[in-house]
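Quick note: the coordinates plus some simple rules give every number you see, no bench work behind them. Everything numeric in this text was worked out from a predicted model, so none of it was measured. Glycine gets a Cβ as well: all are built from the backbone with ideal geometry, and neighbour counts include every protein chain shown.
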2 protein chains.
Amino acid sequence: MSQGETVGPLDLSVGYLLKRAATALRTAMDTALRPLDLTVPQYSCLEVLSQRPGLSNAELARAVFVTRQSMNLVLRGLQDRGLVTRPTTAPQGRALPSTLTPAGRAQLRTASGLVREVEKRMLEPFSAAGRDGLLRDLAACVDALTPQE
Amino acid sequence: MSQGETVGPLDLSVGYLLKRAATALRTAMDTALRPLDLTVPQYSCLEVLSQRPGLSNAELARAVFVTRQSMNLVLRGLQDRGLVTRPTTAPQGRALPSTLTPAGRAQLRTASGLVREVEKRMLEPFSAAGRDGLLRDLAACVDALTPQE
DNA sequence: TCCTCCATGTCAGGGTGTTGACATAGCGAA
DNA sequence: TTCGCTATGTCAACACCCTGACATGGAGGA
């Protein structure tokens, strides 16, 4: 059953492989982050927040491509674990700017190492030029699919 | 907000772009298939069933990388709409081989055209060689991430 | 023969993400 | 000033998929 049968032209479809690759990466990241009790969305949130501190819930949601509601749950979980702080009252407007706590920064550091390890494993068979090419190709796919260019 | 701000090194991460590309493709396929009242898993099921008729629920699930339970729901929906037939009693063993009905084949034909259109749009900026290279690169990523080589 | 192991289909429960909706706070034009 | 318009945070309901579990049917070894 493994792969001896007639697999059909599915393996020749870019869409099929794209999904397979994304799923494999997601699974690998998930298992790598499990010892830290971090899900992939939680890690993504920490990473974005580290690069752009003070982002509001809605801005974070847009950056990670989820809804505000989902990001709110993620943020609340991180908040309860003391990895992220959010003021109880909005400094101006309604946006509550989130920031990493020192514990959050430490957790992110180890998590980032693990994730980078996974990416390195995935990109092992590539040369530096090949990696850049893949990056460019994926970006081209996204651009071609995005309606409002 | 669009993309003028400091996006940080996120756009340089292959994992990030992989996820973005897969999400964009999924969304595009979903909107393309919406007029036919087909979800992406339903379409995938029809496509696999067309290439390998008589597959059982469990085999279909493995082919599409979902659980038997999820595939069972998909299959039941397709069955209720008359696109797929499944015998009520197993010819042998417990497996119930599924087959496309003529209506299912017709629906798949138009759906397949729409999906192919989306893929064509995504691959527009690529040459034939570039497309093959992308295919090969994605397969390499999957292989590098899959534990049991 | 009988018995153990494996695969299949199915049911129940939980987790996670989404859509829809609502109240509130700032901004800009009449 | 006052009236929309937009954006934000939050609640509820729903859908989807997964993990866990169970009963049944076949195959292979003692």
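Can you compute the radius of gyration and Dmax for chain A, using only the Cα atoms, both in Å?
Values for chain A (Cα only, Rg and Dmax): 18.6, 62 Å.
Taking the Cα centre of the range B:64-149 as origin, work out the dipole magnitude from +1 charges on Lys and Arg Cβ and -1 charges on Asp and Glu Cβ, in debye rounded to 20.
Computed charge dipole of the range B:64-149: roughly 520 debye.
If you rank A:34, A:81 by fewest surrounding Cβ atoms within 10 Å, what's the result?
By the 10 Å Cβ count, ascending, the order reads A:34, A:81.
If you count, for every residue in A:43-54, the Cβ atoms of partner chains within 10 Å of its Cβ, what is the mean?
Partner Cβ neighbours, averaged per residue: 2.
For the range A:32-41, what does the Karplus curve 6.51 cos²θ - 1.76 cosθ + 1.60, with θ = phi - 60°, yield as ³J(HN,Hα) per residue in whole Hz, taken in order and with x for Gly and Pro?
Coupling constants for the range A:32-41: 5, 8, 4, x, 8, 6, 10, 8, 4, x Hz.
Students often check this: by mean Cβ neighbours within 10 Å, which of B:89-97, B:129-137 ranks highest, and how do the rest follow? Each step should come with its number before you reach the end.
Working: B:89-97: 10.4, B:129-137: 15.3.
The packing order, highest mean first, is B:129-137, B:89-97.
Please compute the length gained on full extension between residue B:68 and residue B:34, using 0.36 nm multiplied by the number of residues separating them and subtracting their Cα-Cα distance.
Computed gain between residue B:68 and residue B:34 is 9.8 nm.
Could you work out the helix-only [θ] at 222 nm for chain A, with each DSSP H run of four or more residues adding -39,500 (n - 2.57) and the total divided by the number of residues, to the nearest 500 deg cm²/dmol?
-20500 deg cm²/dmol
Per residue, how big is the convex hull around the C-alpha atoms of the range B:64-114? Give it to me in cubic angstrom, could you? Intermediate values should be presented prior to the final figure.
On the way: hull volume 4.9 nm³, N = 51.
With only Cα atoms used, the range B:64-114 gives 96 Å³ per residue.
Note down the relative contact order for chain A as a percent, whole number, built from C-alpha pairs under 8 angstrom at least six residues apart. Working shown, then result.
Values: 116 pairs, mean separation 31.4, N = 149.
Once divided by the residue count of chain A, the mean separation gives 21 percent.
About the Cα centre of the protein assembly as shown, what is the dipole size in debye to 20, counting +1 per Lys and Arg Cβ and -1 per Asp and Glu Cβ, all else neutral? Intermediate results must be reported in sequence, preceding the final value.
Numbers: 36 positive and 28 negative charges, 153 e Å.
Dipole size: approximately 740 debye.
Work out the charge dipole of chain B with +1 on the Cβ of Lys and Arg and -1 on the Cβ of Asp and Glu about the Cα centre, then indicate which of B:123, B:41, B:139 is farthest towards its positive end.
Working it through, the farthest residue towards the positive pole turns out to be B:41.
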